[in-house]
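The values are calculated or read from the model by the stated rules, or taken from the named source; none is laboratory data. Note that this is a predicted model, so its numbers are computed, not measured. As a convention, Cβ positions derive from the backbone with ideal geometry for all residues, glycine included, and neighbour counts pool all protein chains shown. These area figures cover heavy atoms from the full protein model, side chains too; ligands, DNA and RNA do not enter into them. Shrake-Rupley method; radii C 1.70, N 1.55, O 1.52, S 1.80 Å.
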Amino acid sequence: MPRRPAEPGGRAGWAGVSIVALAGGVGGSRFARGLRAAAPGAHLTVVVNTGDDLTLHGLRISPDVDTMLYALAGIVDEARGWGPRGDSYRCLAALERLGGETWFQLGDLDLATHLHRTGLLASGRTSSGITAELARCLGITGTVILPMSDDPVETWVQLAEDGRWVHFQEYFVGRRAEVPIRKVRFQGLEAARPAPGVLEALAAADLVVLCPSNPFVSLAPILGVPGVRTAVRSARNRGAVVAGVSPLIGGGTVKGPAARMLAELGHEPTAAGVAAQYADLLDAFLIDPIDAALGQAVQAQGARPIVADALMRGRRGEARLARVLLRATLGQPARA
Ligand code: FO1
C-alpha cells in the first residue's frame with residue numbers, strides 16, 4: 001500500500017511520501033509547482049520531457065526543462081508560461097540585423113541558460129547533471145528535476161499539407177501549430193536510456209502523476225523512453241497510485257495544440273480521449289465538471305474519474321488542483 005501523509009496539510013505529514021510527476025510544457029510546469037506547494041515535505045521528483053529540445057545558433061536548448069526550472073524557481077514569465085520574467089531581446093534584435101534566425105524568441109536572460117548548458121555539455125557534463133546544477137543555482141528546493149533521458153531525443157511532426165517532417169518547435173512556434181499534422185515521431189527515442197534517478201524514483205513512488213501536459217508531445221516521449229512505461233506499470237502493481245490530470249477542459253486546452261492534435265491523429269479530442277492514451281496505466285483521472293458526462297468513458301477505460309475544477313488560476317489555483325488530486329488519491333484530507 002502506498003505511504004500516506006500522517007496528518008492534514010502539515011510538512012511533517014508528507015515526510016516519507018514519494019511523488020513522481022511526469023511533465024512537459026507550461027501546464028506540466030504549473031501543476032508540478034502546485035504539487036510542491038500542496039505536499040511540502042514530500043519527496044517530489046519531476047521527470048521532464050526533452051523531446052522539445054533543439055539546437056539553434058549552435059546552442060542546445062531544452063524548452064520544457066527550462067520552463068520547469070523557471071517555474072519552480074519563481075522567475076518564469078507567468079503570462080506566457082515560458083522564458084524568464086522581464087526578459088529583453090536586445091541580442092535577438094542585433095541578430096535580426098545580421099540576418100540571423102529570430103523565429104524562436106530567445107531573450108537575453110534566457111540566452112544565459114542556453115550558453116551555459118551548451119558549454120557544460122561540450123565539457124562532457126550530462127543533461128541531468130546540468131539540470132541539477134541549474135536548479136541549485138536558481139535556488140530551487142523541494143523538488144528533484146530530472147530530464148527524462150541524458151540521450152538526445154527530438155520530437156518531429158509530419159505536416160499534412162505536404163508530408164514534410166519538421167522539428168516540433170518549427171511546427172509549434174514557427175507555424176504557430178496552425179497547420180494540421182499527420183504523424184509524430186521521436187528521433188533517438190529507441191536508443192535513449194532513462195536519466196539516472198528516473199527508474200529509482202518510480203520504484204520508490206507512492207504516487208505517480210501524469211501532469212496536465214500534451215499526451216503526444218509531452219507525456220508520450222517520457223513514457224516512450226525504454227523502461228519508463230514498464231517502471232510506471234511496476235509501481236502500480238506494487239501498490240503505488242497512478243493518476244492523470246486532463247489537459248483538456250470541455251474539449252479545449254488552456255494552452256497548446258493538444259485538442260487539435262488528438263483529432264488530427266485520429267483520437268477523440270476530449271478528456272476521455274486523453275485518458276485513452278494511457279488507460280493501461282491509470283488508477284484515476286481528473287476531469288473538469290464540464291466534462292463530467294465523460295466520467296463513464298473514463299471509468300470504462302479502468303480509471304476512476306475524479307471530477308473537480310481542472311483550471312489552474314494562478315499559483316493558488318495550481319496548489320488547489322494538486323491538493324484535490326492528492327486528497328483523491330492518497331486520501332490526504334486537504335484543507336480545500
Ligand atoms: N514559444 C513560443 O510560442 N514562441 C517562442 O518564440 C518560444 C521561444 C522559447 C524559447 C525558450 C523556451 O524555453 C521556450 C520557448 N517557447 C516559445 C515555448 C516552447 O516552444 C513551448 O512552451 C514548449 O516547447 C512546449 O512544450
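A count restricted to region 73-82 and to residues that are touching a Ser or Thr at 6+ places or on another chain (Cβ under 9 Å) and either free of Cβ contacts under 8 Å to residues at least 12 places away in the same chain or open to solvent by 10 Å² or more (accessible area, probe 1.4 Å) (or both) stands at 1. Output yes when any residue across region 109-119 is over 23 Å from S29 (Cβ atoms) and either open to solvent by 40 Å² or more (accessible area, probe 1.4 Å) or out of contact with any Phe, Trp or Tyr (no Cβ under 9 Å at 6 or more places or on another chain) (or both), and no when none is. Checked region 109-119: at least one residue is over 23 Å from S29 (Cβ atoms) and either open to solvent by 40 Å² or more (accessible area, probe 1.4 Å) or out of contact with any Phe, Trp or Tyr (no Cβ under 9 Å at 6 or more places or on another chain) (or both). When region 183-221 is limited to residues that are within 16 Å of the ligand (Cβ to nearest atom) and over 15 Å from Q277 (Cα atoms), the one that is least open to solvent (accessible area, probe 1.4 Å) turns out to be F186. Over 26 Å from G13 (Cβ atoms) and part of a loop (DSSP other than H, G, I, E, B): does that describe G295? No: the conditions fail for G295. Residues in region 51-77 that are among the hydrophobic types (A, V, I, L, M, F, W, C) and either under 19 Å from G129 (Cβ atoms) or touching a helix residue (DSSP H, G or I) at 6+ places or on another chain (Cβ under 6 Å) (or both): L54, L59, I61, V65, M68, L69, A71, L72, A73, V76. Of the residues examined, L35 is not one that is touching a Ser or Thr at 6+ places or on another chain (Cβ under 6 Å) and more than 9 Å from the ligand (Cβ to nearest atom). Applying the condition of being surrounded by fewer than 22 Cβ atoms within 10 Å (Cβ to Cβ) and small (G, A, S) to region 260-292 and asking which residue is nearest to R233 (Cα to Cα) yields A279.
Residues of region 222-242 include at least one that is closer than 26 Å to G81 by Cα and surrounded by fewer than 23 Cβ atoms within 10 Å (Cβ to Cβ).
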